[in-house]
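The values are calculated or read from the model by the stated rules, or taken from the named source; none is laboratory data. None of the values given here were measured: they were computed from a predicted structure. Neighbour counts run over all protein chains shown; Cβ positions are idealised from the backbone, glycine included. To get the accessible areas, we keep the full protein, side chains included, count just its heavy atoms, and leave off ligands, DNA and RNA. Shrake-Rupley method; radii C 1.70, N 1.55, O 1.52, S 1.80 Å.
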Amino acid sequence: MILTKAQYDEIAQCLVSVPPTRQSLRKLKQRFPSQSQATLLSIFSQEYQKHIKRTHAKHHTSEAIESYYQRYLNGVVKNGAAPVLLDLANEVDYAPSLMARLILERFLQEHEETPPSKSIINSMLRDPSQIPDGVLANQVYQCIVNDCCYGPLVDCIKHAIGHEHEVLLRDLLLEKNLSFLDEDQLRAKGYDKTPDFILQVPVVMLCPLAVEGHIIHWIESKASFGDECSHHAYLHDQFWSYWNRFGPGLVIYWYGFIQELDCNRERGILLKACFPTNIVTLCHSIA
Amino acid sequence: MAAVLESLLREEVSVAAVVRWIARSTQGSEDNAGEAAALSSLRALRKEFVPFLLNFLREQSSRVLPQGPPTPAKTPGASAALPGRPGGPPRGSRGARSQLFPPTEAQSTAAEAPLARRGGRRRGPGPARERGGRGLEEGVSGESLPGAGGRRLRGSGSPSRPSLTLSDPPNLSNLEEFPPVGSVPPGPTGTKPSRRINPTPVSEERSLSKPKTCFTSPPISCVPSSQPSALDTSPWGLGLPPGCRSLQEEREMLRKERSKQLQQSPTPTCPTPELGSPLPSRTGSLTDEPADPARVSSRQRLELVALVYSSCIAENLVPNLFLELFFVFQLLTARRMVTAKDSDPELSPAVLDSLESPLFQSIHDCVFFAVQVLECHFQAMMGQLSAACSHSHFVRLFQKQLLQMCQSPGGAGGTVLGEAPDVLSMLGADKLGRLWRLQERLMAPQSSGGPCPPPTFPGCQGFFRDFILSASSFQFNQHLMDSLSLKIQELNGLALPQHEPNDEDGESDVDWQGERKQFAVVLLSLRLLAKFLGFVAFLPYRGPEPPPTGELQDSILALRSQVPPVLDVRTLLQRGLQARRAVLTVPWLVEFLSFADHVVPLLEYYRDIFTLLLRLHRSLVLSQESEGKMCFLNKLLLLAVLGWLFQIPTVPEDLFFLEEGPSYAFEVDTVAPEHGLDNAPVVDQQLLYTCCPYIGELRKLLASWVSGSSGRSGGFMRKITPTTTTSLGAQPSQTSQGLQAQLAQAFFHNQPPSLRRTVEFVAERIGSNCVKHIKATLVADLVRQAESLLQEQLVTQGEEGGDPAQLLEILCSQLCPHGAQALALGREFCQRKSPGAVRALLPEETPAAVLSSAENIAVGLATEKACAWLSANITALIRREVKAAVSRTLRAQGPEPAARGERRGCSRACEHHAPLPSHLISEIKDVLSLAVGPRDPDEGVSPEHLEQLLGQLGQTLRCRQFLCPPAEQHLAKCSVELASLLVADQIPILGPPAQYRLERGQARRLLHMLLSLWKEDFQGPVPLQLLLSPRNVGLLADTRPREWDLLLFLLRELVEKGLMGRMEIEACLGSLHQAQWPGDFAEELATLSNLFLAEPHLPEPQLRACELVQPNRGTVLAQS
């Protein structure tokens, strides 16, 4: 799903101040029926994360925390079964999972002698049954299962998606008979920064309109949408390093990317939204 | 022309008069009548005198400077002298040309005094130390001259050709070695790094292929003496008045001279030896001879000629000063020649003083002459370099020469770069090389000045130091400092190969040799340059011993702190540390600082440097070895050089001890790039010993203890096993080895060079592959053994397993001995692989005998290479791999127990079409969020959807293709949550209106599906106890009427399927009572507990019995 910058901007525009809930996603799908759900979710998630990064600090002032905590306490006193924490998060435009963490930390500070460690908090968020207060446990759980951008479940889904696409890519490479070294093998050899796959024998990817093809030495799988922000970060942190070390390569954004970002082809970084079909290997056979 | 010289030699005219005669067309008033008469008759020849003199000198020296005759006579004295001089003159003075002869007074004061004063207080007399600490008399007198090893010029970049031990001095007119000044931009970017790294090796071929055209440039033309018939057309014979008697005489003399030389050797000995193509074996048979002033043949004559010659230089009568300087250097560094006495039996003492006899009859003469010239005119020559460009040109020459001479073997402390001494070649083809080594050992001082010797200028370096001191030219020094600084910056900034773990670590060690060599060359060059920079830079400040104190000190400090440093070493050090290039920067910096005067360590600028160095020193804890840290030998090198620096007298002791608590954590580590030179294995033992020869003191100490001698006169026992040609016969293995090597050399000699290259290439690659193979087979097997041993260990010792370090030791002690097999396996591998490779690479038509020999040699060389590496490294390699395996195993055992369990893969028929785990987690999450709410009134799931979801979950769990452990964990947890929601009937169901509850039968079916998934399909642990967590049980509290039957059903099934034990469930139920519940809920919970607990351990019938006890729910249960 390759979008033009304009298309992307249109979608992004619709995502301003939309809470990361099931309902929001459903509305988004209705709004852009022609786009794939995964792409929409990926864009939504990225836009929301950008938004949270921008506003994160204001929710972490001690005044804000105190006010949220008080509102939470007042809310559950009134009705412990009501979605107090979730509503609070949506109201102040903060991610429910992050709000849950904030309140949980605050709660534990009040009830435990020692300030809670990060690992304890994380463990409680993964398994709210460990939270000593039953009401808070339910509230936290509700926030986590209703948050589609943050939280342990979402993290796990993202991780799983990334892993699955790597496996997918590996299968495709095997199918095409392209021998490669994967990240684990490369790490075992002592590389610290490696793409997902390095082709042991480079291939050429032919482009429909170009006479000459592009040499590919390595392939990186990205199970997300390639927007400007993430792509530039990846270029800086990963792709140019790979390019530096291994030569030109291919990045597959499985959930699409902004077309205009594919501007480094000549310099040696190609973008695709799927596995390329027209590959020429060293023995000159078209795969 | 010759007549002028003759009359000079007969002392009929004075040198001054001759010079005046040459310089001026008219006679000076100073000349006496006799001289005037003698010279006036020769007026016509005045203009020709200087060319004559120069050519005469060239001619005379031709037996020394070009390639020697093919069968040079070993001077009888040379070999006899070796054993006769046990422990002869100390090493330090070897090759220091200016010290070859008893120093003149002027020189000794100029050259020796500052150092003597400097080293005096704590270390004893400096010069004595430099000469090996053997006492002043012996060192200074220098009567018996040590071997010329120090003057040996060997291509420093040609360790791969050990048989070529000699070569010519650099050819000044060779454009490659000495490009024209203007043509090369001096900036560091303008040059190819590769040329900069490796000092141009002074190879034999080059000097042969490019004759010494520098001496044929106009107006002085060389006699094309390789063809005697061409003599008549000799340019310098032209333009003379015909019939000139003296000219005829000269020609006659030259003819004689030439015939003599031709008799001496079949190869022309003129300076254009194109025809000479000395074979390696021939060159190998040449010996060096120490220059000995006592053996100078006609001292007076040489002195006179030297005086005339240097006067000519002084008066600018020679066309090219540098050419002459170069010539003198060549004489100075000459190493052998045919002794005239041997080859010219008719030479009588009577002719010794005339021009009839060769001027340079021996190397002693050459050196004596050169020293005479240099003594007279270093300063004078410096004075002539009036233009700045001349200075810079000269400095360039100086620097180049310094690098070339002092880095050649036997030069700066005399170690060949790169290759370890090759025992085979020592014994075999290169017999003379062996003798040379023996001589080296005999000549070498027994102690290099203790474990902490003061900075010295060993070997050729001494000459360059003396040159600087004797010249004492401010301009020269300034230019030299500029040039050295530039070169140091350039080399220091050189992009050396980073540690790219291209191959697996072990094997990369083998392939790293090239990079290591390159690093060594750069490092040694830097050290040398920095040493001289330090020497020159601090020279003006080195004064009387006790450092100034009180007010004087303050004023000096104030003054000196205003002087900008000659090179911004502080910044270079900081940058080096940041870029993790300490291993390159620090050693040369230490050399630089070792010449600092007493004030330097007190200056703030340098104090900073010392502080940085101290911190570095403290941070280099050898035992702390971890990934991403500095390599062990790199650390050792830095520790050695820093330790040495801290002991130098000028560095105050309190600097080290009183430095206020340097932070132990070396902060630059944090900002450093991940990989710098420091992390690369660039230092090997040899480089370590080259840079820090004093480390060898430890060995000597131990050796002397072993041999039971404490060593007289401070020296340690040096045991020399006598090896002579005859004794070799008694050692069959060595003999055959030696013979084999000799044969191999001979074999290659008459084969095309490509054969040798092929064999060497094959040996190199097969040797390297062998190591890789051993690593992939033997070492990998051992690692697997280690892993299974470790598992056993963990089983017997329980989860904790004990201390990892201890475990590692146990494993290594068991496994490392198996490394011994590596050699046999390696030998077998090379034996198996090499012949095929050689066969494939050589032409089909190669004769069978040649082919099989080539194969055998390749096998031998490959085996040698592989076994050398394996025997040195196999234990460390096994250790490292086992260590990695242990930490891997322990990690895997740690936080994620799921990873330990044996995992089943997909079934063989699986086509991996199952839904993706991420999709399922997402779907289940949606159901959970719907159930937990909040939800819109129209939201819900259909029972079919739930059933489908669980079916998909089963598929996903059975196809492991895309499933990763964290995903499985979350799926397990979500499935338990789902079960709890089912039990509590909390899932909003879409269906016919008003039916918002799941039918009991459907719920039970879904629970069955879940139970089956838990039992059959999940491979990781499922947190079933969460079913009885207060939060999940509490879900039941909200339902009206409360339905406990599904929970009871689930608990029973869990027990029945063996998913949970009764005790476990009882415990969970027990802890549930402690939570706070609404009154009625607590009551019902208690009933459930009692119900579950009351059941006997028998399955079905009892279940029904219990249903009877609770008829209201029993009916529901009975439906199943």
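In this structure, is B:Arg1031 away from chain A (no Cβ under 14 Å) and of a type in the set (D, E, K, R)?
Details: away from chain A (no Cβ under 14 Å): no; of a type in the set (D, E, K, R): yes.
Judged against the criteria, B:Arg1031 is not a match.
Just give me the residues in region A:148-170 being at the interface with chain B (Cβ under 7 Å from one of its Cβ atoms) and free of Cβ contacts under 8 Å to residues at least 24 places away in the same chain, in sequence order. Please lay out each step first, then the result.
Kept after step one, since they are at the interface with chain B (Cβ under 7 Å from one of its Cβ atoms), are these residues of region A:148-170: A:153, A:156-157, A:159-161, A:163-164, A:167.
Hits for region A:148-170 are A:Leu153, A:Cys156, A:Ile157, A:His159, A:Ala160, A:His163, A:Val167.
Would you mind stating whether A:Pro132 is in contact with a His (Cβ under 9 Å, 6 or more places away or on another chain), at pLDDT below 90 and surrounded by fewer than 15 Cβ atoms within 10 Å (Cβ to Cβ)? So that I can check it myself, show each step before the final result.
On the way: in contact with a His (Cβ under 9 Å, 6 or more places away or on another chain): yes; at pLDDT below 90: yes; surrounded by fewer than 15 Cβ atoms within 10 Å (Cβ to Cβ): yes.
Answer is yes for this residue.
Would you confirm whether or not region A:111-128 contains a residue that is under 24 Å from B:Asp1038 (Cβ atoms), at the interface with chain B (Cβ under 10 Å from one of its Cβ atoms) and crowded, with 19+ Cβ neighbours inside 10 Å?
yes
Among (1) away from chain A (no Cβ under 14 Å); (2) open to solvent by 60 Å² or more (accessible area, probe 1.4 Å); (3) not aliphatic (A, V, I, L, M), which single condition is B:Pro1021 missing?
(1)
Just name the residue that is modelled with the highest pLDDT out of those in region B:549-573 that are of a type in the set (Ser, Thr, Tyr) and part of a loop (DSSP other than H, G, I, E, B). Show your work before the answer.
Of the residues in region B:549-573, the ones of a type in the set (Ser, Thr, Tyr) are B:549, B:555, B:561, B:571.
Okay, now just the ones that are also part of a loop (DSSP other than H, G, I, E, B), so B:549, B:561.
On the way: B:Thr549: 71, B:Ser561: 85.
Result: B:Ser561.
I'd like to check something: does region A:171-191 contain any residue that is facing another protein chain (nearest Cβ under 8 Å) and under 24 Å from the mean Cα position of the chain (by Cα)?
Yes.
Would you confirm, using the coordinates I've provided, whether B:Ser975 is buried (at least 20 other Cβ atoms within 10 Å of the Cβ), part of a helix (DSSP H, G or I), modelled with pLDDT of 85 or more and more than 12 Å from chain A (Cβ to nearest Cβ)?
On the way: buried (at least 20 other Cβ atoms within 10 Å of the Cβ): yes; part of a helix (DSSP H, G or I): yes; modelled with pLDDT of 85 or more: yes; more than 12 Å from chain A (Cβ to nearest Cβ): yes.
So B:Ser975 fits the description; yes.
Restricting the search to region A:19-45, which residues are within 14 Å of the chain's Cα centre (by Cα) and open to solvent by 30 Å² or more (accessible area, probe 1.4 Å)? Write out each step before concluding.
Applying the first criterion (within 14 Å of the chain's Cα centre (by Cα)) to region A:19-45 yields A:20, A:38-45.
Correct list: A:Ala38, A:Leu41.
If a residue has to be open to solvent by less than 40 Å² (accessible area, probe 1.4 Å), more than 17 Å from B:Ser929 (Cα to Cα) and over 27 Å from the mean Cα position of the chain (by Cα) to count, how many in region A:79-105 make the cut?
Qualifying residue count for the region: 1.
Just one of the numbered conditions (1) in contact (Cβ under 8 Å) with a residue 60 or more places away in the chain; (2) open to solvent by 10 Å² or more (accessible area, probe 1.4 Å); (3) within 14 Å of another protein chain (Cβ to nearest Cβ) is not true of B:Leu957; which one?
If we test B:Leu957 against (1) in contact (Cβ under 8 Å) with a residue 60 or more places away in the chain; (2) open to solvent by 10 Å² or more (accessible area, probe 1.4 Å); (3) within 14 Å of another protein chain (Cβ to nearest Cβ), just (2) comes out false.
Name the single residue that is surrounded by the fewest Cβ atoms within 10 Å (Cβ to Cβ) among those in region A:197-212 being more than 13 Å from A:Gly247 (Cβ to Cβ) and in contact with a His (Cβ under 9 Å, 6 or more places away or on another chain).
A:Cys207
Among the residues of region B:919-940, which ones are open to solvent by less than 10 Å² (accessible area, probe 1.4 Å) and either more than 11 Å from chain A (Cβ to nearest Cβ) or in contact with a helix residue (DSSP H, G or I) (Cβ under 6 Å, 6 or more places away or on another chain) (or both)? Working first, answer last.
First, the residues of region B:919-940 that are open to solvent by less than 10 Å² (accessible area, probe 1.4 Å): B:920-921, B:924, B:927-929, B:931, B:933.
Matches in region B:919-940: B:Leu920, B:Ile921, B:Ile924, B:Leu928, B:Ser929, B:Ala931.
A:Ser17 versus (1) among the hydroxyl-bearing types (Ser, Thr, Tyr); (2) farther than 17 Å from A:Ile144 by Cβ; (3) not in a loop (DSSP other than H, G, I, E, B): which is the lone unmet condition?
(3)
Counting just the residues of region B:882-916 that are assigned to a helix (DSSP H, G or I) and of a type in the set (A, V, I, L, M), which one comes out modelled with the highest pLDDT?
Going residue by residue through region B:882-916, those that are assigned to a helix (DSSP H, G or I) are B:882-893, B:897-899.
Next, only the ones that are of a type in the set (A, V, I, L, M) stay: B:882, B:884-886, B:890, B:892, B:898-899.
On the way: B:Val882: 84, B:Ala884: 81, B:Ala885: 79, B:Val886: 79, B:Leu890: 73, B:Ala892: 63, B:Ala898: 42, B:Ala899: 41.
Restricting to residues being assigned to a helix (DSSP H, G or I) and of a type in the set (A, V, I, L, M), the top hit is B:Val882.
Only one of B:Leu1006, B:Leu1048, B:Leu1026, B:Leu982 is open to solvent by less than 20 Å² (accessible area, probe 1.4 Å) and within 13 Å of another protein chain (Cβ to nearest Cβ); which? Spell out the reasoning first.
Values: B:Leu1006 fails: within 13 Å of another protein chain (Cβ to nearest Cβ); B:Leu1048 fails: within 13 Å of another protein chain (Cβ to nearest Cβ); B:Leu982 fails: within 13 Å of another protein chain (Cβ to nearest Cβ).
Selected residue: B:Leu1026, the only one of B:Leu1006, B:Leu1048, B:Leu1026, B:Leu982 that is open to solvent by less than 20 Å² (accessible area, probe 1.4 Å) and within 13 Å of another protein chain (Cβ to nearest Cβ).
Are there any pairs with C-beta distances below 7 angstrom linking a residue in region A:66-81 that is more than 14 Å from chain B (Cβ to nearest Cβ) to a residue that is assigned to a helix (DSSP H, G or I) and open to solvent by 50 Å² or more (accessible area, probe 1.4 Å), with the two at least 6 apart or on different chains, and if so which?
Close Cβ pairs (under 7 Å, with a partner that is assigned to a helix (DSSP H, G or I) and open to solvent by 50 Å² or more (accessible area, probe 1.4 Å)) amount to A:Val76/A:Val135.
Tell me yes or no: at least one residue of region A:55-63 is farther than 27 Å from A:Phe225 by Cα and within 14 Å of chain B (Cβ to nearest Cβ). Let's see the steps before the verdict.
Step one: list which residues in region A:55-63 are farther than 27 Å from A:Phe225 by Cα, which gives A:58-63.
When the remaining residues are screened for being within 14 Å of chain B (Cβ to nearest Cβ), the result is none.
So far as region A:55-63 goes, no, none of its residues is farther than 27 Å from A:Phe225 by Cα and within 14 Å of chain B (Cβ to nearest Cβ).
Looking at (1) buried (at least 23 other Cβ atoms within 10 Å of the Cβ); (2) in a helix (DSSP H, G or I); (3) more than 7 Å from every other protein chain (Cβ to nearest Cβ), which is the only condition B:Leu963 fails?
(2)
Tell me, which residue of region A:129-147 that is touching a residue at least 40 places away in the same chain (Cβ under 8 Å) and at the interface with chain B (Cβ under 8 Å from one of its Cβ atoms) is farthest from B:Cys964 (Cα to Cα)?
Here the residue is A:Asn138.
I'm trying to understand the selection: among the residues of region B:985-997, which are open to solvent by 10 Å² or more (accessible area, probe 1.4 Å) and away from every other protein chain (no Cβ under 12 Å)?
Initially, region B:985-997 is screened for residues open to solvent by 10 Å² or more (accessible area, probe 1.4 Å), giving B:985-986, B:990-997.
Once the filter is applied, which keeps residues that are open to solvent by 10 Å² or more (accessible area, probe 1.4 Å) and away from every other protein chain (no Cβ under 12 Å), region B:985-997 yields B:Asp985, B:Leu990, B:Gly991, B:Pro992, B:Pro993, B:Ala994, B:Gln995, B:Tyr996, B:Arg997.
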